[in-house]
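Have a look at the structure below before the remarks.
The values are calculated or read from the model by the stated rules, or taken from the named source; none is laboratory data. Just so we're clear, the structure is a prediction, and the values are computed from it rather than from any experiment. Every residue, glycine as well, gets a Cβ built from its backbone with ideal geometry; the counts of neighbours run over all protein chains shown.
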Amino acid sequence: MPVIMGTAGHIDHGKTTLIKALTGIDCDRLSEEKKRGITIELGFAFLDLGEDNRLGIVDVPGHEKFVKNMVAGAAGVDFVVLVIAADEGIMPQTREHLEICQLLGVSAGLVALTKIDMVDEEWLEMVKEEVAAYLEPTFLGGAPILPVSAHTGQGLDELKAELRKLVAEFKPRRRSDLFRLPVDRVFTMKGHGTVVTGTMISGAISLGEDVTLYPGSTTSKVRGLQSHGETVETAQAGRRTAVNLAGLEVDDVRRGDVLARPGSLFPSDVWDIELTVLESSRLPLKHRREIHFHHGAREVLARIHLLDRDELAPGETAVCQARFSEPMAGVWGDRVVLRSFSPLRAFAGGRVIGPAGHSIKRFSKDVELLGQLASDKPEEVASAQLELAGPKGVSFAELLTMTNLETKGLEKTLGLLGGQQRAVLFDKESRRYAGGALVDRLASGLLDFLAEYHRRESMKPGVQRGELASSWGRELPPKLMHYLLERLLKKGDIEADQEVFRLKGHKVSLASDQAKVRETILDAYSQGGATPPNLKDVLESLGMDAKQAAPVLRLLQDQGDLVRIKDDMYYHAPALNGIRESIIGFFAGHEEMSAPDFKDITGLSRKYLIPVLEYFDKEKLTVRVGDVRRLRKRS
């Protein structure tokens, strides 16, 4: 797998000169760099190690004013060569660069002790001992310390041999198949247009593919690719890559933008992060402190919100939130560096555990769940992401960024969680998931709601789907609401009559006086048949008004005993069905039916005739054509 090497070290310790001696490539390309004799911008080179093994190299500036450029370059490296001049030894940026590499998760490398032609043997041995002692508690403790001279060539072969050995033994960090290239340089190439370069940190990209620049939404197409100086059709992760973008101007691209596939990243102005303050920091990190936040090749202002304390002391680690001045596009596990305003130096860093920050209240129980996002177990991370996302759920594409798993790995993890009922696929079309514990709580809440509804509306057979969605389920995605109902129906906890839902075994319960009212009204309309009584007269006999009788009338309709024709006109359902059959029978021998025809076959007076005809028009049994009715054609 391709490997990227980065340099680190104090200004004028010979990083760029050493790279040129190793590769023949001068990384100082700017006229100002050549004039001042210092590296300002990132430089790039490659070293052929044999057997088709080409090592990518990122050369970083050593001056304290350009540490932000150093961070941008170091963000994509796999291992580091710490360059220390033998005539000066350990200097301020030696220390800061080493700390930045530590914060970025770099865990391997070696030391190049340069300018040995400028010191004697005794001094050289003393410096080697000093460097070894200083590095002992760091990730470079015990790493090879190789004396070299870029001017005489002494030690270069030994350095190359050690690099070859390091690359052969190096195990690159796990990379997902999500294509991402943080842009650290953008320029125009005559005859080609806009070109962006960066270290491809994951995935692969091919000629002709559509791409998007995040955190914005600028889209383009890949019209050309170069990897380690060679033109290719497909570029792989772990390589320095140049991408020629179609239809874009240089001003359309900002350093720190991330090139990825459309719809694959989800910018947010809040991130959850696991943060460590360096032991060398002079002061603790206080809640809501504003800092310089470095991620990939981007630097933005951010405010750090501590969630379980008021300050984070040097050497301590905690989960917290970074709130940005502009949206950022990241992935779980990305490394970040925090730099203070005064003095302007790196003092903390860590990794992203929630690239779409969650709504977390300080000192709440959710802070503990947030800590689960820092787990090394993918199923624990995915489960916590689902629970923290709440009812809106998370799509498969979002989960790829929230777990940094390969596609197959995420599918396997979700399958495992699904078997444990910790993940629920509630929207198959959009591949959207919710946390299992959350769904259980929602299902229990829905049952409680139905129980309360039955208590409050004892004369209703249940609650309509629309009413349920607009009241209890108003904050839920419709697909999740549907999933919950289907799940409870399947388990037998609820029953449904078309679009009306009720608890299993629920029966309409009437008080004794309400039961008497129901019987009286039903009896009156049953006796009335095709010429039903006036509702007002029926209610006067009961000593009631329409408002008092409304629940019983609604129940009679819900149970299918009465049918409301218009306003206060009701029909006993069997009587209305008889009229329906008479109409259908008439049309068996006729094409049209006039109002007089309808009166002849039913004997209805005008009081009932017109409303009943209009009712059957609304019911789509008949259709009015001029002054006659015709039977609607049925499929």
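The table below gives the values:
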read-out: Tabulated pairs, region 579-607, first assigned by TED's automatic domain parsing to the domain that holds Thr622, second assigned to a helix (DSSP H, G or I) and of a type in the set (D, E, K, R), C-beta under 7 angstrom, 6+ apart or interchain; value: Phe586/Asp597
read-out: Residues (over 17 Å from Arg254 (Cβ atoms), under 29 Å from the mean Cα position of the chain (by Cα) and among the basic types (Lys, Arg)) located in region 159-213; value: Lys171, Arg173, Arg174, Arg175
read-out: Residues that are touching a strand residue (DSSP E or B) at 6+ places or on another chain (Cβ under 8 Å) and under 22 Å from Leu417 (Cβ atoms), drawn from region 433-457; value: Tyr433, Ala434, Gly435, Gly436, Val439
read-out: Any hit, region 614-630, residues being in contact with a helix residue (DSSP H, G or I) (Cβ under 6 Å, 6 or more places away or on another chain) and hydrophobic (A, V, I, L, M, F, W, C); value: no
read-out: Filtered residues of region 431-474 (kept if farther than 19 Å from Leu386 by Cα, in a helix (DSSP H, G or I) and of a type in the set (A, V, I, L, M, F, W, C)); value: Leu446, Leu447, Phe449, Leu450, Ala451, Leu468, Ala469
read-out: Of the criteria (1) out of contact with any Pro (no Cβ under 8 Å at 6 or more places or on another chain); (2) part of a helix (DSSP H, G or I), which one Gly409 fails; value: (1)
read-out: Top-ranked residue in region 408-438 [being under 18 Å from Val331 (Cα atoms) and without any contact (Cβ under 8 Å) to a residue 24 or more places away in the chain; ranked as surrounded by the fewest Cβ atoms within 10 Å (Cβ to Cβ)]; value: Lys408
read-out: Whichever residue in region 559-585 is part of a helix (DSSP H, G or I) and in contact with a Gly (Cβ under 9 Å, 6 or more places away or on another chain) and, among such residues, is farthest from Glu614 (Cα to Cα); value: Pro574
read-out: Residue check, Val628 over 54 Å from the mean Cα position of the chain (by Cα) and within 30 Å of Asp497 (Cβ to Cβ); value: no
read-out: Strands (runs of 3 or more DSSP E) contained entirely in region 199-316, each with at least 1 residues that are surrounded by fewer than 16 Cβ atoms within 10 Å (Cβ to Cβ) and of a type in the set (A, V, I, L, M); value: 204-206, 298-306
read-out: Residues within region 475-534 that are among the aromatic types (Phe, Trp, Tyr) and in a loop (DSSP other than H, G, I, E, B), tallied; value: 0
read-out: The listed residue being at pLDDT 85 or above and farther than 21 Å from Gln102 by Cα, out of Leu30, Leu18; value: Leu18
read-out: Number of the condition not met by Leu405 [criteria: (1) touching a helix residue (DSSP H, G or I) at 6+ places or on another chain (Cβ under 7 Å); (2) without any contact (Cβ under 8 Å) to a residue 24 or more places away in the chain]; value: (2)
read-out: Which numbered condition Ser217 fails, given (1) touching an Asp or Glu at 6+ places or on another chain (Cβ under 7 Å); (2) free of Cβ contacts under 8 Å to residues at least 24 places away in the same chain; value: (1)
read-out: Residue in region 499-511 that is more than 30 Å from Gly473 (Cα to Cα) and aliphatic (A, V, I, L, M) present; value: yes
